[in-house]
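Participant: First the structure, then my questions, so here it is.
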Amino acid sequence: MNASNAALEPILRACPIIPVITLPSAECVMPLAETLITNGLTTLEITLRSPFALEAIGHLRRSFPKAVIGAGTLTQIDQITALESVGAQFVVSPGATDALIEAMNQSKMAFLPGAATPSEMMRLAQAGYTVLKFFPAAAMGGPAALKALSGPFSDLRFCATGGIGFAQVADYLRLQNVCAIGGSWMVDPALIQEGAWSEIGQRAYAAGQLAITLSNGRK
Ligand code: 3PG
């Protein structure tokens, strides 16, 4: 089992809205991260869909030691060593293969594997995983599906991602089995490319404030 998977729950709950970032250029990394972090979103997922991702993760780890910087879209085991060397603090995959599970069980990096169906969840639970990515969340039934899953899988916790926008956040985060959501609405590649930091900052701030309001409502 992946030693740090369960430890993800408090980390995700502490900052439960995760920008899922696909970098369009190397130059945007610093202003983008600065904008997100200063507006309250301090856990960032940098997807491996961009050629700038690895270097960016290393750079962000050095520049923002108080933030939590992870990698997304891990699909190949040959990417794991490079992620360890740049200091990724968590790694997210859209699904899970036997090879990926076996390799991440040997890694110190926290692994958030993706699952979309009860059988996939059972397989990961058997492998010792309790915190999973529910992907693609909206297409797989959204909050209603997660509520239904909480019956048979009361021990599992989810980070829901895929098709979530600001308007849907509260419906997910109100569920006790959802510890975070991931989304790209505040880091739209078109906005990043335009350098629309003010708009990105406003979207990030609104998301962060909503998470705080929801968390206060639970206390
Ligand atoms: C992804 O892997 O792209 C994430 O799930 C984000 O999805 P979104 O772009 O639909 O928010």
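Participant: Evaluate the range 165-173: report whether one residue or more is surrounded by 15 or more Cβ atoms within 10 Å (Cβ to Cβ) and within 23 Å of Val29 (Cα to Cα).
Facilitator: Taking every residue of the range 165-173 in turn, none turns out to be surrounded by 15 or more Cβ atoms within 10 Å (Cβ to Cβ) and within 23 Å of Val29 (Cα to Cα).
Participant: Within the set of pairs 6+ apart or on separate chains, which have a first residue in the range 194-213 that is over 22 Å from Ala14 (Cβ atoms), a second that is modelled with pLDDT of 95 or more and not basic (Lys, Arg), and C-beta atoms under 8 Å apart?
Facilitator: Gly195/Cys28; Gly195/Pro31; Trp197/Pro31; Trp197/Leu32; Trp197/Thr35; Glu199/Leu191; Gln202/Asn39
Participant: Tell me whether the range 172-185 contains one or more residues that are over 20 Å from Thr22 (Cβ atoms) and assigned to a helix (DSSP H, G or I).
Facilitator: Yes, the range 172-185 contains at least one residue that is over 20 Å from Thr22 (Cβ atoms) and assigned to a helix (DSSP H, G or I).
Participant: Filter the range 189-219 for residues that are more than 16 Å from the ligand (Cβ to nearest atom) and of a type in the set (Lys, Arg) and give the result.
Facilitator: Keep residues of the range 189-219 that are more than 16 Å from the ligand (Cβ to nearest atom), which gives 194-199, 201-202, 205, 208-209, 212-219.
Those that are more than 16 Å from the ligand (Cβ to nearest atom) and of a type in the set (Lys, Arg): Arg218, Lys219.
Participant: Filtering the range 195-219 down to residues that are over 19 Å from the mean Cα position of the chain (by Cα) and modelled with pLDDT of 95 or more, which residue is surrounded by the fewest Cβ atoms within 10 Å (Cβ to Cβ)?
Facilitator: Ser198
Participant: May I ask you to list pairs of residues, at least six apart or on different chains, whose Cβ atoms are under 6 Å apart, with the first in the range 114-129 being on the phi < 0 side of the Ramachandran plot and the second being of a type in the set (Ser, Thr, Tyr) and outside any helix (DSSP H, G or I)?
Facilitator: Gly114/Ser93
Participant: If the Cβ limit is 8 Å and pairs must be 6+ apart or interchain, which residue in the range 64-78 that is on the phi > 0 side of the Ramachandran plot and without any contact (Cβ under 8 Å) to a residue 40 or more places away in the chain pairs with which residue that is of a type in the set (Lys, Arg) and more than 16 Å from the ligand (Cβ to nearest atom)?
Facilitator: That search, which allows pairs on different chains as well, returns nothing.
Participant: State whether the residues of the range 121-135 include one that is assigned to a helix (DSSP H, G or I), surrounded by fewer than 23 Cβ atoms within 10 Å (Cβ to Cβ), at pLDDT 95 or above and under 17 Å from the mean Cα position of the chain (by Cα).
Facilitator: no
Participant: Right, here's the next one. Please count how many residues of the range 136-161 are in a helix (DSSP H, G or I) and of a type in the set (Gly, Ala, Ser).
Facilitator: 4
Participant: Counting just the residues of the range 84-114 that are closer than 20 Å to Val68 by Cβ and of a type in the set (D, E, K, R), which one comes out nearest to the ligand (Cβ to nearest atom)?
Facilitator: Glu84
Participant: Let me ask something additional. Of the residues that sit in the range 130-168 and are touching a helix residue (DSSP H, G or I) at 6+ places or on another chain (Cβ under 8 Å) and away from the ligand (no atom under 16 Å from the Cβ), which one is nearest to Gly182 (Cα to Cα)?
Facilitator: Ranking the candidates gives Arg157 first.
Participant: Considering only the range 179-188, state which residues are more than 10 Å from the ligand (Cβ to nearest atom) and either under 30 Å from Glu27 (Cα atoms) or free of Cβ contacts under 8 Å to residues at least 60 places away in the same chain (or both).
Facilitator: Step one: list which residues in the range 179-188 are more than 10 Å from the ligand (Cβ to nearest atom), which gives 179-180.
Within the range 179-188, Ala180 is the sole residue that qualifies.
The values are calculated or read from the model by the stated rules, or taken from the named source; none is laboratory data. These figures come from a predicted structure and were not determined experimentally. Note that we place each Cβ from the backbone using ideal geometry, even for glycine, and neighbour counts take in every protein chain shown.
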